[in-house]
Amino acid sequence: MQMPDGLPAEIDLSRPSAARVYDYFLGGAHNFEIDRQLAEQIAAMTPNLPATMRAGREFLRRAVRALLDAGIDQFLDIGSGIPTVGNVHEVAQAANPKARVVYVDIDPVAVAHSRELLAGNDLTGVIHADLRDPERILAEARRLDLLDFDRPLGILLAGVVHFVPDTDRPADLLATLRAAAAPGSHLVVSHSTFEDQPPEMLDAQRLSARTATEISLRSRAEITGFFGDWTILEPGVVHMELWRPDSPSEAAENPERFGAFGGVARNDRPVG
Ligand SMILES: C[S@@+](CC[C@H](N)C(=O)[O-])C[C@H]1O[C@@H](n2cnc3c(N)ncnc32)[C@H](O)[C@@H]1O
């Protein structure tokens, strides 16, 4: 694998990493043998899974476009992953060259690659931090001085909250992030679910227990709760493919097959 310069020494190569397994599924080159073995095992159980990962990425792209259409020009992307095609800043800056993006990930490989990719892009920043410490994320984001927390912000949590177990109180973590966001801000969440899923999908998702970040599958109601009192935009919290598909045919058959719900909400709290 190509290692970027300055890759931190704390990479744990004894366990697969969620970010690197995800990178492998997306066709990236930033993964190790231990990641590929787990990815292949998961893929053998659920041939659909690589498509699921791509569908997650597509949901994120559509959601970011919707936020751009709503006038959002700054994004805090938490659990951003290893950079791959169609990164948030590429989608955002294609529509608005002044759009700003701060990426946050817990994985040192994802952070190192993000820093390498974004060197020279003054409107982007990268933070190595844990969603379970939202105060630190907010403090570091303020220190970077890229995002203006007095203006509407897009908070992106795509495929990451399911890595936070109930014992770490994910609803409270999201409430902290929402509280820091000005009126007009938007929150994007996609999250794996057990609802409508066949047993083999559930077994495969349980394999994530081998990574440092086990997945907690949640119900639609629990995932909806992560939006708090913000206004959930149409079409609601739905199977990812059903969230404003580019073409009606895209999501025509078995939209539940990707095992994750997605939704977008807006902070309609009055200004002031
Ligand atoms: C499935 S990938 C999603 C990547 C990207 N958001 C997307 O939708 O394409 C999940 C990412 O969340 C990161 N992650 C997992 N737990 C995290 C945590 N507690 N804090 C921050 N990032 C985390 C992983 O390292 C991984 O890069």
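The values are calculated or read from the model by the stated rules, or taken from the named source; none is laboratory data. What you are looking at is a predicted structure, and each value in this text was computed from that prediction instead of being measured. Cβ coordinates were reconstructed from backbone atoms using ideal geometry, including for glycine residues, and neighbour counts include every protein chain displayed. To get the accessible areas, we keep the full protein, side chains included, count just its heavy atoms, and leave off ligands, DNA and RNA. Shrake-Rupley method; radii C 1.70, N 1.55, O 1.52, S 1.80 Å.
Below is a table of values for the structure above.
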{"quantity": "Test: Leu174 is in contact with a strand residue (DSSP E or B) (Cβ under 9 Å, 6 or more places away or on another chain), within 16 Å of Asn267 (Cβ to Cβ) and within 14 Å of the ligand (Cβ to nearest atom)", "calculated": "yes"}
{"quantity": "Residues of the range 226-272 satisfying the condition of being of a type in the set (Gly, Ala, Ser), modelled with pLDDT of 95 or more and surrounded by fewer than 19 Cβ atoms within 10 Å (Cβ to Cβ)", "calculated": "Gly228, Gly236"}
{"quantity": "Filtered residues of the range 132-177 (kept if part of a loop (DSSP other than H, G, I, E, B), closer than 17 Å to Asp105 by Cβ and open to solvent by less than 10 Å² (accessible area, probe 1.4 Å))", "calculated": "Val164"}
{"quantity": "Qualifying residues in the range 82-97 (those that are in a loop (DSSP other than H, G, I, E, B) and either at pLDDT 90 or above or of a type in the set (A, V, I, L, M) (or both)) - the one nearest to Glu40 (Cα to Cα)", "calculated": "Ile82"}
{"quantity": "Residues that are within 22 Å of Leu202 (Cβ to Cβ), assigned to a loop (DSSP other than H, G, I, E, B) and either within 11 Å of the ligand (Cβ to nearest atom) or of a type in the set (Lys, Arg) (or both), drawn from the range 35-81", "calculated": "Gly79"}
{"quantity": "Single unsatisfied condition, Met45 versus (1) closer than 21 Å to Ser114 by Cα; (2) open to solvent by 10 Å² or more (accessible area, probe 1.4 Å); (3) in contact (Cβ under 8 Å) with a residue 40 or more places away in the chain", "calculated": "(1)"}
